[in-house]
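Below is one structure; the comments refer to it alone.
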Amino acid sequence: MSKKPRQFHLPTFGLMITSLLFSASFSAESLNAESELLPSGRELAHSYDHGNCLACHSAPTDKNAITRANIAPPFVDMKRRFPSKDELFKQIWDARATYPETIMPPFGAHSILSEPEIRRIIDYLYTL
Ligand code: HEC
């Protein structure tokens, strides 16, 4: 009895590769779609039920920021005052790292905002 050499069935193999490539690109696409579905940084910062930064901070250069908040420093000149987006990220993720007694909610550490949401808020802050 002769042993048949093991062979790849070329069409099947090609189909496997194609479907792998297809599923990889498909999941990347749905990820992009997901991040496009996120509210803008501005919407998050202004929203009452999510970011609600305007409960404590004012944004004097944003004419549509409706708030009389004066509990925390106003959002002004953010790009110059916080040239490092990472530093800004840390402050929003968990303000306790800088001021252990802060009343600012630890938005990231307490899962109030996700990492992509905080990044969007930072993009908005950089416009102020
Ligand atoms: C409950 C009040 C409160 C809320 C809500 C709040 N913060 Fe704050 N935040 C503060 C206080 C108070 C400070 C001053 C420093 C400290 O105590 O941590 C501060 C400081 C900051 C700073 C540093 C500002 C500076 O000029 O030094 C940034 C940036 C900041 N907050 C961003 C945000 C963002 C973005 C949000 C919304 C996602 C937010 N904060 C929501 C209270 C708040």
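Just so you know, all these numbers are worked out from the coordinates, no wet-lab data involved. The structure displayed is predicted, hence computed values, not measured ones. Methodologically, a virtual Cβ is constructed for each residue, glycine included, from the backbone with ideal geometry; neighbour enumeration extends over all protein chains shown.
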Residue by residue through region 105-111, which ³J(HN,Hα) values in whole Hz follow from phi under the Karplus form 6.51 cos²θ - 1.76 cosθ + 1.60 (θ = phi - 60°), with glycine and proline marked x? x, x, 4, x, 4, 9, 6
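Work out how much length Arg80 to Thr127 would gain on full extension: take 0.36 nm times their residue separation and subtract the Cα-Cα distance, in nm to one decimal.
So the extension gain works out to 15.8 nm.
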Just grab the label-to-label distance for Thr98 and Ser114, each label 7 Å out from Cα along the Cβ direction, in nm (one decimal). 2.5 nm
FRET efficiency, Arg68 to Leu37 (Cβ-Cβ, R0 35 Å, nearest 0.05): 0.65
Treat each spin label as a single point 7 Å out from the Cα along the C-beta direction, and report the Thr61 to Glu87 distance in nm. 1.7 nm
